[in-house]
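Below is one structure; the comments refer to it alone.
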Amino acid sequence: MRPVYLLLGLSFIALLMVGCSSSEQPVPSAPIHDLEATVQAIVQKELPKIVLTPTPVSLSGCTSAVQCTDIGDNYGDHEINKALPYYTDAIRLNPNYARAYFKRGYAYGKLGQNEKAIEDYTEVIRLDPKSATTYYNRGLNYARHLGQYERGIEDFTEAIRLDPNNSTYYNNRGLSYYHLDQPERAIEDYTEAIRLDPKYVSPYYNRGLVYGKLDQYERALEDFNEAIRLDPDSEELREMRSLVLEILGR
């Protein structure tokens, strides 16, 4: 019988050992200093930065830059100040919309805010370097309104390079040469303007003025006569012709 009791005793001990190995054992806690280090590592870990881009908002209620610009275009020159907020809104909605800068530049020019006009035209040129009209308009602001004739000539010259068949560009560059006391260059530009558009009154009048300044009164008379033929109702042309006729003793 002793071997049987011995066998039962060993089996009981084995069961006790198996029970101990299969039951949950308490997990030893990490040392406090290790836990603090882990927390610090998490806190100090660089998280990805979230950049919030503000959504452009139209103050005038437009839903697109094109719509804002179109609304601004509905105002004529006599209400050009009312168009400005729409062009500005268009730029706010689309900062790369060249047409809105061009229209706002034109509005600023009409309102006598020539420096702002030049800024907008400069931005148009940055966005669209091949816009001859923009160079021309910026040149007008430099030359006609600010008296910066050299800079005006630079812009008129670039406009002519981009659009060599536009008589208006030559006429206004000629005016700048005239103000810089370069009559020969002025005459060249007026003559080219007339060649491109023989019915364009302004270059005849302007060239006549230059001829008068050079004491070439017969040529001045010819230009004034042609200008009057094209614009018979102009009192200014008739007055200039009368002065020339008086000088010539006629």
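Filter the stretch 189-220 down to the residues that are acidic (Asp, Glu), within 33 Å of the chain's Cα centre (by Cα) and part of a helix (DSSP H, G or I) and list them by number.
Passing the criteria: Asp189, Glu192.
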Exercise for review: Evaluate the following for Asn165: is it under 30 Å from Lys103 (Cα atoms) and in a loop (DSSP other than H, G, I, E, B)?
Suggested key: yes
Practice item. May I ask you to list pairs of residues, at least six apart or on different chains, whose Cβ atoms are under 7 Å apart, with the first in the stretch 228-245 being within 15 Å of Glu218 (Cβ to Cβ) and the second being β-branched (Val, Ile, Thr)? Key: Arg241/Ile228
**Study point:** Close pairs (7 angstrom Cβ cut-off, 6 or more residues apart or separate chains): without any contact (Cβ under 8 Å) to a residue 24 or more places away in the chain and within 14 Å of Thr134 (Cβ to Cβ) in the stretch 155-182, of a type in the set (Gly, Ala, Ser) and in a helix (DSSP H, G or I) anywhere
**Key:** Asp155/Gly139; Phe156/Gly139; Phe156/Ser176
Exercise for review: State yes or no: is Tyr211 within 30 Å of Arg138 (Cα to Cα), in contact with an Asp or Glu (Cβ under 9 Å, 6 or more places away or on another chain) and either surrounded by 20 or more Cβ atoms within 10 Å (Cβ to Cβ) or not β-branched (Val, Ile, Thr) (or both)?
Suggested key: yes
Check your understanding: Being of a type in the set (Ser, Thr, Tyr), assigned to a helix (DSSP H, G or I) and under 31 Å from the mean Cα position of the chain (by Cα), is that true of even one residue in the stretch 148-156?
Key -> yes
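Given the criterion buried (at least 19 other Cβ atoms within 10 Å of the Cβ), more than 30 Å from Val201 (Cβ to Cβ), without any contact (Cβ under 8 Å) to a residue 24 or more places away in the chain and under 12 Å from the mean Cα position of the chain (by Cα), identify the matching residue among Tyr121, Tyr97, Tyr101, Tyr87. Steps first, please.
Working: Tyr121 fails: more than 30 Å from Val201 (Cβ to Cβ); Tyr97 fails: without any contact (Cβ under 8 Å) to a residue 24 or more places away in the chain; Tyr101 fails: without any contact (Cβ under 8 Å) to a residue 24 or more places away in the chain.
So the residue among Tyr121, Tyr97, Tyr101, Tyr87 that is buried (at least 19 other Cβ atoms within 10 Å of the Cβ), more than 30 Å from Val201 (Cβ to Cβ), without any contact (Cβ under 8 Å) to a residue 24 or more places away in the chain and under 12 Å from the mean Cα position of the chain (by Cα) is Tyr87.
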**Study point:** So Asp233, is it on the phi > 0 side of the Ramachandran plot and either outside any loop (DSSP other than H, G, I, E, B) or of a type outside the set (Val, Ile, Thr) (or both)
**Key:** no
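Yes/no matrix, rows are residues, columns are (1) surrounded by 24 or more Cβ atoms within 10 Å (Cβ to Cβ); (2) at pLDDT 95 or above; (3) closer than 26 Å to Asp70 by Cα; (4) touching an Asp or Glu at 6+ places or on another chain (Cβ under 6 Å):
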site	(1), (2), (3), (4)
Gly105	yes, yes, yes, yes
Pro129	no, yes, yes, no
Tyr170	yes, yes, no, yes
Tyr177	no, yes, no, no
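Condition first: aliphatic (A, V, I, L, M) and in contact (Cβ under 8 Å) with a residue 24 or more places away in the chain. Now tell me which residues in the stretch 60-83 satisfy that. If you could, list the steps in order and put the result at the bottom.
Residues of the stretch 60-83 aliphatic (A, V, I, L, M): 65-66, 71, 80, 83.
Residues satisfying the conditions are Ala65, Val66, Ile80, Ala83.
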Check your understanding: modelled with pLDDT under 60 and within 30 Å of Asp128 (Cα to Cα), is that true of Pro56?
Key -> yes
Review point. In the set Ile125, Ile118, Ile160, which member is among the hydrophobic types (A, V, I, L, M, F, W, C), modelled with pLDDT of 95 or more and touching a Ser or Thr at 6+ places or on another chain (Cβ under 6 Å)?
Key: Ile125
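The values are calculated or read from the model by the stated rules, or taken from the named source; none is laboratory data. As the structure is a computational prediction, the values presented were derived from the model and not from experiment. Here Cβ is always computed from backbone atoms with ideal geometry, including for glycine, and neighbour counts include all displayed protein chains.
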